[in-house]
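Single-structure report; data block below.
FYI, it's all coordinate maths here, none of it is from the lab. For clarity, every value in this text was computed on a predicted model and none was experimentally measured. All Cβ positions, even for glycine, are placed from backbone atoms using ideal geometry, and neighbour counts span all protein chains on display.
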Amino acid sequence: MSEAKVAKDRSNFTSREFGMTDKDFKAISEKSHELTGIQLSDHKKEMVYSRVSRLIRTLKFPDFKTYLAFLDQGDPDHLSDFVNAITTNLTSFFRESHHFEFLKSTIIPELKKANFNSRKIRIWSAGCSTGEEPYSLAITLRESFNDTNWNCKILATDLDSNVINTGKDGIYENSRFEGIDKKYKKWFLRDRASKDGRVRVKPSLQDLITFKRLNLLGDWPMKGPFDVIFCRNVVIYFNKETQRKLFDRYADMLTPNGYLFIGHSESLHRVSDRFESLGKTIYRKTH
């Protein structure tokens, strides 16, 4: 079979095991947007088919149409499974390391002066995935504060309940641990219960973090304010209007002159005028 024929067969989703029509994909996209705010473009079809077909196979449904009708019944557990399948969770310890360097060299010294009386620092990791980002934040805080009288807390939230549970456990495959700088490896322990060389974060890091499931487009039960918000590689899935509303809410949740970190492929240009750019996708609230 020619490469062109193989490519054509692969792009024909109706001829696969469960058969996904354009109407099915549109319905999945609409359900995804309804539940998460994430918009699925056509180039996500392969990803959608791969992930949702696993759910269909597990439930022993014959096709996408039957599965979508089942989702419309509104069972919260199966809707949660759908959300977990659709959301993408790609992360690593100290990803975009310049953000953590800026936090340590610039922001934390500022906060030590500004918050000297309250001795409180609050950071939010919005879209924390499996926890590598908030644990990287926790390491940065632990490395910066020898004075245990400071009250430092990190809120870590994500839409996907599975990754939240992974973050709470704080146990990772050894391959996720090998890439970090040697100076930070003191914050990890070998997991004695594991036979495959997994590592766990030290309890002193876990003590700083509260993991919670949260839909960013829903209600926010926390009061804030936060000194720093990390929301990296999250808004790329939202349309511009949703982004405007979200960044406006972030600004409201930040302290005066608070900091916002976004992903390397994201920008606030023509999205929000409440922040000034400091370069390298680091922003400071202006009003």
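Only one residue of THR130, ALA251, THR106 has its Cα farthest out toward the positive end of the dipole of the stretch 97-285, where Lys and Arg carry +1 and Asp and Glu -1 on Cβ, and that residue is THR106. Each helix, a run of at least 4 DSSP H residues, gives -39500 (n - 2.57); summed and divided by the residues of the chain, these come to -11500 deg cm²/dmol at 222 nm. Here's the picture: charge each Lys and Arg Cβ at +1 and each Asp and Glu Cβ at -1 in the stretch 72-185, and of ASN117, GLY74, THR91 the one pushed furthest to the positive end of that dipole is ASN117.
Principal axis extents of the Cα atoms in the chain, from largest to smallest and rounded to whole angstrom, are 65, 50, 41. Remark: the stretch 96-249 carries a charge dipole of roughly 420 debye about the Cα centre, counting +1 on each Lys and Arg Cβ and -1 on each Asp and Glu Cβ. Relative protection proxy for 216-224, 277-285, from highest mean packing down: 277-285, 216-224 (other beta-carbon atoms within 10 angstrom).
Spin-label model, ARG57/GLU110: points 7 Å from Cα along the beta carbon direction are separated by 4.9 nm.
Here the 3J(HN,Hα) profile of the stretch 53-58, calculated from phi with Karplus coefficients 6.51, -1.76 and 1.60 at θ = phi - 60°, is 4, 5, 5, 4, 5, 5 Hz, Gly and Pro shown as x. Using the Cβ of TRP124 as centre and a radius below 10 Å, the other residues enclosed give a net charge of +1, where K and R count +1 and D and E count -1. The base-10 log of I(q)/I(0) for the stretch 3-86, evaluated at q = 0.19 Å⁻¹, reads -0.81 [Debye formula, identical scatterers on Cα atoms, solvent excluded]. Between ASP72 and ASN146, the distance separating the two model label sites (each 7 Å from Cα on the Cα→Cβ line) works out to 6.5 nm. Near VAL83: Cβ cut-off under 12 Å, other residues only, Lys/Arg at +1 and Asp/Glu at -1. The net charge is -2. Using the charge dipole of the chain (Lys, Arg: +1 at Cβ; Asp, Glu: -1 at Cβ; taken about the Cα centre), state which of THR140, ASN174, LEU214 has its Cα farthest towards the positive end. Going by the Cα projections, it comes out as THR140.
If you count Lys pairs in the stretch 3-86 whose Cα atoms are under 26 Å apart, skipping same-chain pairs closer than 8 places in sequence, the total is 26. Cross-link reach is defined here as a Cα-Cα straight distance under 23 Å, omitting same-chain residues fewer than 8 places apart; for LYS185 the lysines meeting it are LYS104, LYS153, LYS168, LYS195, LYS202.
In terms of its C-alpha gyration tensor, the stretch 119-248 comes out oblate, because a/c is 1.5 or above while a/b does not outweigh b/c.
The chymotrypsin sites (Phe, Trp or Tyr not before Pro) found in the stretch 88-142 that occupy coil by DSSP, while having at most 10 further C-beta atoms within 10 Å, are PHE116.
Of the trypsin sites (Lys or Arg not before Pro) found in the stretch 137-189, no site is in coil according to DSSP while having at most 11 other Cβ atoms within 10 Å of its Cβ. Once the GluC sites (Glu not before Pro) in DSSP loops with at most 14 neighbouring Cβ atoms within 10 Å are cut out of the chain, the longest remaining piece is 18-172.
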